[in-house]
1. Which one is modelled with the highest pLDDT among residues in the range 20-42 that are open to solvent by 50 Å² or more (accessible area, probe 1.4 Å) and under 21 Å from ALA68 (Cβ atoms)?
2. Kindly indicate which of ASP30, ASP45, ASP65 is of a type in the set (Asp, Glu), farther than 19 Å from ILE9 by Cβ and free of Cβ contacts under 8 Å to residues at least 60 places away in the same chain.
3. Quick one: ASN72 ticks every box in (1) under 28 Å from ILE13 (Cβ atoms); (2) in contact (Cβ under 8 Å) with a residue 12 or more places away in the chain except a single one, so which number is it?
4. In the range 43-91, how many residues are open to solvent by 90 Å² or more (accessible area, probe 1.4 Å) and among the β-branched types (Val, Ile, Thr)?
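The values are calculated or read from the model by the stated rules, or taken from the named source; none is laboratory data. No experiment lies behind these values; they were computed from the predicted model shown. Using ideal geometry, Cβ is built from the backbone for each residue, glycine included, and neighbour counts are taken over all protein chains shown. When the accessible area is computed, the model is the full protein with side chains, heavy atoms only, and any ligands, DNA or RNA have been set aside. Shrake-Rupley method; radii C 1.70, N 1.55, O 1.52, S 1.80 Å.
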Amino acid sequence: HSSTKYTAILVLIRCTLARPEQIATASHSDGRLLQIRLFLDCTYDFIVVYQYAWNASKGRDQLLDNRAKIWNSLQQLLNHVPQQHQMVLMGDFNTTLRFDPPHINSHDARASLNTHPDRDLLQQLVKA
């Protein structure tokens with residue numbers, strides 16, 4: 001709903017996968033960045049992102065600033081995930097990326113035609 005002022009991420013974890021005491025969560029960036037840590041046979045970190053949708057009609061500079069805050073928070077979070085943990089990065093990035101194998105593949109060449117001015121920030125995060 002575009003009229004709502006609330007943002008949230010929902011992640012469901014099957015009860016046969018992990019017990020409640022095996023799950024830790026942390027929310028960052030006003031509900032737009034969520035970290036879920038599962039303590040199983042090894043430790044898994046799921047990083048879930050919900051980036052602001054590109055809508056420059058609401059003010060390009062403010063939008064770029066809001067989006068940059070998410071990218072920066074994501075970078076800081078990724079830097080603090082221990083290397084021995086298994087990590088999955090997922091979410092709605094609301095950003096098109098350039099085809100850049102082996103990091104970024106696309107089955108649709110049109111995906112790189114609609115570019116976002118801050119796409120290089122995500123492109124670098126993916127490649128890091």
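1. SER27
2. ASP65
3. Every listed condition holds for ASN72 apart from (2).
4. Of the residues in that region, 0 qualify.
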